[in-house]
Structure formats: structure tokens, C-alpha cells
1. Inside segment 3-26, can you point out the residues that are within 16 Å of the ligand (Cβ to nearest atom) and farther than 19 Å from GLU286 by Cα?
2. Checking LEU297 against (1) in contact with an Asp or Glu (Cβ under 7 Å, 6 or more places away or on another chain); (2) over 22 Å from GLU149 (Cα atoms); (3) surrounded by fewer than 18 Cβ atoms within 10 Å (Cβ to Cβ), which single condition isn't satisfied?
3. With within 16 Å of the ligand (Cβ to nearest atom) and at negative phi as the only criterion, which of GLU131, GLU158 stands out?
4. Given the structure, is ASP150 touching a His at 6+ places or on another chain (Cβ under 7 Å) and in a helix (DSSP H, G or I)?
5. How many residues does segment 277-293 hold that are away from the ligand (no atom under 15 Å from the Cβ) and in contact with a helix residue (DSSP H, G or I) (Cβ under 9 Å, 6 or more places away or on another chain)?
Amino acid sequence: MNIFHIVGARPNFMKVAPVLNALKQRENMVQTLIHTGQHYDVNMSDVFFQQLGIPPPEVNLAVGSGTHAKQTAEIMIRLEPLVVERQPDIVLVYGDVNSTVATALVCSKLGVQIGHVEAGLRSFDRTMPEEINRLVTDQLADLLFTPSEDGDENLRREGIPAEKIFRVGNVMIDSLVRLLPAARKTLTQTTKTDGLPERYALVTLHRPANVDDSVTLKGILESLLEVNRDLAVVFPAHPRTRKRIADFGLDAGQLRVLAPLPYVDFLGLQSRATVVITDSGGIQEETTYLGVPCLTLRENTERPITVSIGTNVLVGRDREKLRRELSRVLGGKAKKGAVPPLWDGHAGERIADILVSRPSLANAAICG
Ligand code: UD1
């Protein structure tokens, strides 16, 4: 079976690793890892491949940054000839980034099968570019691998036939489970060398809705400075956020602003954080698995199971709610959570099982 994996942005890398590794154990697999180059900084990309133990991508389309239209179109233009030339039996796409939807558009028009890993998530907020990417990709995909039951329900409601939907669990948690011991070890070194405080709030921030408007970003930084009075704020800043802070002439004051961290280092910090404050999607899931309280600076989430079962609380931009939830955490009354079903470190293997059992793909392995 000739399989393409397409990745482009930081959150894709920890999702592709377990699928690649699981398929490596199966017979007659030819796997090609293609990086669109959506994320290109060493700290946002290369270091993840090293730490996750996946080979460097065979092809890098080097599209870089741009407007949504430009980035998406550039990926499509550069990917199409490769798919035509190499005729994969199936192309796997991950998550909800521009690289995901661009690939789905190219492959569906070439009649190449598409598998979407992390299908069915919905925030029901179409102002988020990722929501558009999710909706379009799921309409075009042939196999939809969901992390949780809400994903299946969303897809069925949108008219996706049940036989295309496979609930496999959460591939990102596969990587977490595998690398948590290494992350804890790294953390011990970080604590020694960087004087990391015993208790801290770990912060990440990069959503356009939070960082692209100067008034909003200023308000969030003020809230974080307030948090910092009670609990040290450790803030590995996304390049986008760092740039906006500089462009708007804002001041991060006493916050410990760091460069984006490699996967294992960030996971170590998460595992021991008193609380995580974030607008990321994946981090809502990782904190739920780790049992670490998570306060999400968004009004909605495409991962509602992290709220209903996990440790996540949506605080949006409500400063009062952030204060209240933080004082619950500091008072030892943080929300307790549980780990959702199938978030067990074996989602990648389930995807591999499904792929090898598909008659159309299995035949491709024999003929090809
Ligand atoms: C993308 C994803 C988002 C994901 C996030 C994780 C889309 C629509 N969004 O958002 O879902 O949560 O990745 O990080 O695909 N930049 C750099 N170096 C890099 C990458 C980006 O400096 O290596 C800067 C550039 O100024 C760029 C900006 O960050 O214009 C935004 O990057 P982009 O990939 O367009 O979107 P993200 O905000 O990272």
C-alpha cells in the first residue's frame, strides 16, 4: 500500500508519529511523509521530528507564511504534481490546519482516497479558520477517524455515511503516553538549570481572535500580569504572538516569556503545571489526559469532551471568571476530570488495523 502523510504545522507532527510507527509494523507499506512547510522555524518544526523519532520528511513543499488563500493555494499547486506522479493509494491528513484542507481539495479532485485523522470536531464557530478547514475536509474525506463520540455525532448530522466513520481515539495522546517519561526527566533538568518555580501557570496564546487585535491582546496580557502576582506565569510564545506584542508596542512585563519549546520540554512543563492557561486546541486535550487544570481563553471549543469529562473550563475573555477559576485552583478546589474512552495510547494502531482491512486498499498492496 502506497500511503502519503501530509503535515504542515506544529500540531500535526505529534499526530502523524503514532500512525507512521503503527503502519511501519505492517507488511507491504510504502509510506511517504510530506511537509508543506506551513511552519518553518526550527523550533516550530525540525525539533519535533527529532524528538518524536520520525524521519525527516522526504519532501518539503516550503510554502511558508501568507494569507489563507495564498498559503492554501500554494500548497495545492505544489502538492498536485506529486500526487499525480506518485499515485498514492491513500493520503492521510491530520487535524484542521490549512495544509489539511488544501490536501483534501487536491486529492478529492484527483480521485485519490483521503483519510482524515481527528475528524468530526466542531466549535460551531465559523469565524475560526480551523472550523472551515474541518467542515470542508470532512465532506471530502473517504475515511474519517474520530477521537470521541461527539465527532461521530457531528459527522452523522452533516450527512456523512456511518460506514465512513471510525472512532479510533486520540492519536495525540499516543505521542503523549510514549514520551511522558522522557518529558518528566527533561523537566528535572529544566528545574535545575532554569530555576523554574515550584508552582507556575503555563500559558500559550496564538489564536488570531486573541492576538491579532491590539485591544484584545492588551487585555489578555493585563490579565496574565494579574495572574503573575499570585502565580509565576511561564509563557512560551508562538512567533505570531511575539510579533504582535512587538508590533502593537505592548509590554509583557514580568511574565517569563520564552521561545516556542520543543515537544518533550513543553510536555514536561505541562505535566507539572499548577494550571495551564491557553487558547490552543490540543493543549485542552493534553491537560485533560494529565489531570492538570486548564483555563481556556475561548468562548467555545471543538473539543467539548475536555469540558464534560476533563479538566477544561472555558473562561473566554471574562476576566472575572479567570480570577474566580484561578482562585479555585490556588485554593485546591480545581475541577477534577477523567480520561475519555480510547485516549489510551493505541489510536495509531487502530488506524493501521482499519487501513489494512479495507478491501480496496488491501488489493492495492497486492497489485502495487
Ligand atoms: C496554525 C494553524 C492553527 C494551529 C497553529 C499551531 C491554520 C489555519 N492554523 O496557526 O490551527 O493551532 O498553526 O501553531 O492552519 N510563523 C513563524 N514561523 C513559523 C510559523 C509561523 O514565524 O514557523 C508566523 C508567521 O508570521 C505566520 C504566523 O506565524 O504568518 C502564522 O502562521 P500560520 O501557520 O499561518 O498559522 P498559525 O497561527 O501558526
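1. Matches in segment 3-26: ILE6, VAL7, GLY8.
2. Status for LEU297: all satisfied but (3).
3. Details: GLU158 fails: within 16 Å of the ligand (Cβ to nearest atom).
Result: GLU131 is the single residue among GLU131, GLU158 that is within 16 Å of the ligand (Cβ to nearest atom) and at negative phi.
4. Values: touching a His at 6+ places or on another chain (Cβ under 7 Å): no; in a helix (DSSP H, G or I): yes.
Criteria not met by ASP150.
5. First, the residues of segment 277-293 that are away from the ligand (no atom under 15 Å from the Cβ): 277, 287-293.
Then drop every residue that is not in contact with a helix residue (DSSP H, G or I) (Cβ under 9 Å, 6 or more places away or on another chain), which leaves 277, 287-290, 292-293.
Of the residues in segment 277-293, 7 are away from the ligand (no atom under 15 Å from the Cβ) and in contact with a helix residue (DSSP H, G or I) (Cβ under 9 Å, 6 or more places away or on another chain).
Here is a yes/no grid of residues against (1) in a helix (DSSP H, G or I); (2) within 18 Å of the chain's Cα centre (by Cα); (3) closer than 24 Å to PRO181 by Cβ; (4) not assigned by TED's automatic domain parsing to the domain that holds ASN210:
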| site | (1), (2), (3), (4) |
| --- | --- |
| GLU286 | yes, yes, yes, no |
| GLU299 | no, no, no, no |
| THR306 | yes, yes, yes, no |
| ARG323 | yes, no, no, no |
| LYS335 | no, no, no, yes |
| ALA338 | no, no, yes, yes |
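The values are calculated or read from the model by the stated rules, or taken from the named source; none is laboratory data. Because the structure is predicted, anything quoted here is derived from the model rather than measured. Please note: Cβ atoms are built from the backbone with ideal geometry, for glycine as well, and neighbour counts cover all protein chains shown.
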